[in-house]
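Notes follow the structure.
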Amino acid sequence: MTIDIPMKPTFRFVALALLLGSHLLSAQDHSIKITKRYLNLPVSQAENRGTMQFRVNGKLERSFKIRLASGNPDYWVFCDMGALQGQTITISYDGKADGLPKISQDDHIVGEDSMYHERNRPQYHFTTRRGWINDPNGLIFYEGEYHLFYQHNPYEREWENMSWGHAVSKDMVHWQELPTALSPDSMGTMFSGSTVIDYENTAGFNKGNTPAMVAFFTVDNPEKQVQCMAYSLDKGRTWTKYSKNPLIDSKAKWNSKDTRDPRVFWYKPSKHWVMVLNERDGHSVYTSGNLKDWQFQSHLTGFWECPDLFELPVDGNKSKTKWVMYGASASYMIGSFDGKTFKPESGKHYYTTGSIYAAQTFTNMPETDPRRIQIGWGRVSHAGMPFNGMMLLPTELQLRTTKDGIRLTSRPVKEMEQLFSSIGKWSSLTEAEANAKLQSLPSPDQFRIKATIKLSHATSAGLSLFGQRILDYDMNSNLINGVFYSPEDMTSMEITADIYVDRTTVEVFIDHGAYSYSLQRKPDAQAKETLNFWGNRIEVKNLEIYNAESAWK
Ligand code: FRU
């Protein structure tokens, strides 16, 4: 049942209203005229979730679940009211309503002064201002901007209310967050998907010379998951959902609710669109000429969630390419693709492990820069922060011929280099000498270290940060941080690691991206040393230390 405010005003509400100034929503105000950019809402993780609804002229404008704080909030979230200026909204809430009078409108977000510089905010990874993020969605480069859409709960730092958040960047390093791109509607919540630019106007959404950016996403509701689309004519800022959604409803065919995460791209040789969709036990391929009508073509079992499929040159040779079929856990197969069917030739393989999940690659890269750049969700939380989850560094994927066959490699994009300034570069150091050099780091919060370690008397060696083994190479068992790894030259006693440390996370790229992993920082409170190499009589053959600047100015 929904109880509309106003509720009985209590002394507490009135006192609070007097205390906090004029823009509070008092208990009598069940309606507010929107004159400011944001509505700030108090959240407490200890409260149960209730459903809050905004109505404009009696019409439902949004409906979401929130843990509205009745006492002291843990943190504040906000609604961007930019599109509703001058309109009057009516708020209802079916949860504990004591917090309603604390909802206020303002031109600032509560906590804006410290935004992006809070104690546990990563400084060169993307995180959202407030709320939860998971999968990157709709990664696309268009007219000089990289678009990062993402699974977002704007109203709490836990998963709920799935929407598409949106950020743009000119270099994949400095991001600007924009208003939510896709919000839940009467069909359900907005799950993962992708975007394309419809240059040929195959769907008929284009206007004049402006091609539509078209988003494909899964709508999830308690009963099923269906595939839908929306288009934008203003570079992803505002979206119109297609009136004849859904495009695909395949629950009955698969006898499963798990049908989701459409990945759409243009297949040039046959001039048609391809959609890779996870359906129950694998990735299906659908094709279309107009983005609206889709024909099922094939199904490849062995994958779960968040498909990606792309072509890459082998060893940089454009006349020798392979296709990569990809799943949410970062496992992949290598093979061929004729526009309808993917034929695996080898797999499954991995190139990265750890906190990464649901990674996706950018489409529509310019012909002059055909890099295949990937961003993955980092399943990392940040103690005490009003946000949760993060995006890992954008990495360039390549196919390299190795002794085991063709394999994916990944390395941070060159754009990241602008943040790192060299503190020093040394070679042929003993462990003690190398540890002395590590003292030159201005801050253990954020930095980068590149090191080549050579083992001779030790079977294991690595690097610890406040007692946490962020590099733990066990040559005897061929494990790096617990995962099997054997260098390209299997007789090698050396290992090279490019280590990116941010406030809450660590990403490590081994042997020029042959293998990588990411992990959450877990400092040991008892640790005696800040940062130290360990291993019996190891040689630190090369050591480079960099300071890392913040990407948030
Ligand atoms: C993967 C995933 C997707 C789904 C989304 C919902 O993390 O489960 O399959 O679309 O998250 O947030």
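The values are calculated or read from the model by the stated rules, or taken from the named source; none is laboratory data. The shown structure was predicted, so the numbers you read here are calculated from the model rather than taken from an experiment. For neighbour counting, all protein chains shown are included, and Cβ atoms are generated from backbone atoms with ideal geometry for every residue, glycine included. Protein only, heavy atoms only, side chains kept; ligands, DNA and RNA dropped before computing areas. Shrake-Rupley method; radii C 1.70, N 1.55, O 1.52, S 1.80 Å.
Just checking, does region 301-309 include any residue being more than 25 Å from the chain's Cα centre (by Cα), open to solvent by less than 10 Å² (accessible area, probe 1.4 Å), away from the ligand (no atom under 16 Å from the Cβ) and not basic (Lys, Arg)?
Checked against the condition, which is being more than 25 Å from the chain's Cα centre (by Cα), open to solvent by less than 10 Å² (accessible area, probe 1.4 Å), away from the ligand (no atom under 16 Å from the Cβ) and not basic (Lys, Arg), region 301-309 yields no hits at all.
Okay, residues lined up against (1) of a type in the set (Lys, Arg); (2) out of contact with any helix residue (DSSP H, G or I) (no Cβ under 6 Å at 6 or more places or on another chain); (3) within 16 Å of the ligand (Cβ to nearest atom):
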{"position": "Pro101", "(1), (2), (3)": "no, no, no"}
{"position": "Asp106", "(1), (2), (3)": "no, yes, no"}
{"position": "Asp113", "(1), (2), (3)": "no, yes, no"}
{"position": "Asn120", "(1), (2), (3)": "no, yes, no"}
{"position": "Gln123", "(1), (2), (3)": "no, yes, no"}
{"position": "Thr127", "(1), (2), (3)": "no, yes, no"}
{"position": "Gly131", "(1), (2), (3)": "no, yes, yes"}
{"position": "Asn134", "(1), (2), (3)": "no, yes, yes"}
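Considering each residue of region 444-467, count those that are over 26 Å from Ala525 (Cβ atoms) and of a type in the set (A, V, I, L, M, F, W, C), and give that number.
The qualifying residues number 3.
When you check Met162 against the structure, is it of a type in the set (A, V, I, L, M, F, W, C), more than 14 Å from Ala230 (Cα to Cα) and modelled with pLDDT of 95 or more, yes or no?
Answer is yes for this residue.
Which numbered condition in (1) of a type outside the set (D, E, K, R); (2) more than 30 Å from Trp76 (Cα to Cα); (3) within 16 Å of the ligand (Cβ to nearest atom) is the only one that Tyr242 fails?
Tallying (1) of a type outside the set (D, E, K, R); (2) more than 30 Å from Trp76 (Cα to Cα); (3) within 16 Å of the ligand (Cβ to nearest atom), Tyr242 fails exactly one: (3).
Out of all the residues in region 356-367, which are within 16 Å of the ligand (Cβ to nearest atom) and open to solvent by 10 Å² or more (accessible area, probe 1.4 Å)?
Result: Ile356, Tyr357, Gln360.
For the structure I just gave you, tell me whether Pro370 is modelled with pLDDT of 95 or more and surrounded by fewer than 20 Cβ atoms within 10 Å (Cβ to Cβ).
Considered against the rule, which asks whether it is modelled with pLDDT of 95 or more and surrounded by fewer than 20 Cβ atoms within 10 Å (Cβ to Cβ), Pro370 comes out as yes.
Looking for something in contact with a strand residue (DSSP E or B) (Cβ under 8 Å, 6 or more places away or on another chain), in contact (Cβ under 8 Å) with a residue 12 or more places away in the chain and open to solvent by 10 Å² or more (accessible area, probe 1.4 Å) - is there at least one such residue anywhere in region 147-154?
Yes; the residues of region 147-154 include at least one that is in contact with a strand residue (DSSP E or B) (Cβ under 8 Å, 6 or more places away or on another chain), in contact (Cβ under 8 Å) with a residue 12 or more places away in the chain and open to solvent by 10 Å² or more (accessible area, probe 1.4 Å).
Can you tell which of Thr180, Thr218 is modelled with pLDDT of 95 or more, open to solvent by 10 Å² or more (accessible area, probe 1.4 Å) and within 16 Å of the ligand (Cβ to nearest atom)?
Thr180
If you go through region 334-354 one residue at a time, do you hit one that is within 16 Å of the ligand (Cβ to nearest atom), open to solvent by less than 20 Å² (accessible area, probe 1.4 Å) and more than 25 Å from Ser486 (Cα to Cα)?
No; the residues of region 334-354 include none that is within 16 Å of the ligand (Cβ to nearest atom), open to solvent by less than 20 Å² (accessible area, probe 1.4 Å) and more than 25 Å from Ser486 (Cα to Cα).
Residues that are buried (at least 17 other Cβ atoms within 10 Å of the Cβ), assigned by TED's automatic domain parsing to the domain that holds Thr368, in a strand (DSSP E or B) and hydrophobic (A, V, I, L, M, F, W, C): does region 127-138 have at least one?
Yes, region 127-138 has at least one match.
What about Trp159, is it within 29 Å of Asn72 (Cβ to Cβ), within 16 Å of the ligand (Cβ to nearest atom), open to solvent by 10 Å² or more (accessible area, probe 1.4 Å) and part of a loop (DSSP other than H, G, I, E, B)?
Spelling it out, Trp159 is indeed within 29 Å of Asn72 (Cβ to Cβ), within 16 Å of the ligand (Cβ to nearest atom), open to solvent by 10 Å² or more (accessible area, probe 1.4 Å) and part of a loop (DSSP other than H, G, I, E, B).
Name the residue, out of Ile495, Ile545, that is closer than 21 Å to Pro442 by Cβ and among the β-branched types (Val, Ile, Thr).
None of the others qualify; the one that does is Ile545.
For every residue, the table says whether it meets (1) within 16 Å of the ligand (Cβ to nearest atom); (2) under 20 Å from Pro344 (Cβ atoms); (3) aliphatic (A, V, I, L, M); (4) open to solvent by less than 10 Å² (accessible area, probe 1.4 Å).
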site	(1), (2), (3), (4)
Arg260	yes, no, no, no
Val264	yes, no, yes, yes
Lys292	no, no, no, no
Pro313	no, yes, no, no
Val324	no, yes, yes, yes
